[in-house]
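To start, I am sharing the structure in question, which I have written as structure tokens.
None of the figures in this text is laboratory data; all of them are computed from the coordinates on show. Predicted model, so just to flag it, every value in this text is computed and none were measured. Cβ coordinates were reconstructed from backbone atoms using ideal geometry, including for glycine residues, and neighbour counts include every protein chain displayed.
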């Protein structure tokens with residue numbers, strides 16, 4: 001996979017509201033998948049599919065502890081990307097009003 005294709009994969013991963021919600025929760029630090037299930041109110045199976053997409057895009061990393069999986073944002077640059085996206089969206093919405 002070349003660099004442009006991988007960049008597109010990152011943006012595709014960011015293109016779903018639930019995945020953005022997951023990433024915003026992980027900005028605060030590592031969380032157990034059980035906590036993410038509670039926060040999102042989605043089934044663990046559905047959440048796991050979204051976590052896999054985020055992981056394949058290199059946005060999150062997984063750590064196993066016993067029977068529990070813990071997720072965290074894999075790179076501080078991903079947090080910067082999320083923050084910049086929020087700023088862009090906020091500025092755009094302000095211009096519309």
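Only one of 36, 47, 23 is touching a helix residue (DSSP H, G or I) at 6+ places or on another chain (Cβ under 8 Å), under 13 Å from residue 73 (Cα atoms) and surrounded by 15 or more Cβ atoms within 10 Å (Cβ to Cβ); which?
23
Just the residues that are assigned to a loop (DSSP other than H, G, I, E, B), more than 15 Å from residue 85 (Cα to Cα) and touching a residue at least 24 places away in the same chain (Cβ under 8 Å), please, taken from the range 10-59.
Selection gives 29, 30, 42, 57, 58.
A further question on this structure: Looking at the range 60-97 only, could you name the residues that are part of a loop (DSSP other than H, G, I, E, B) and in contact with a strand residue (DSSP E or B) (Cβ under 7 Å, 6 or more places away or on another chain)?
Result: 74, single match.
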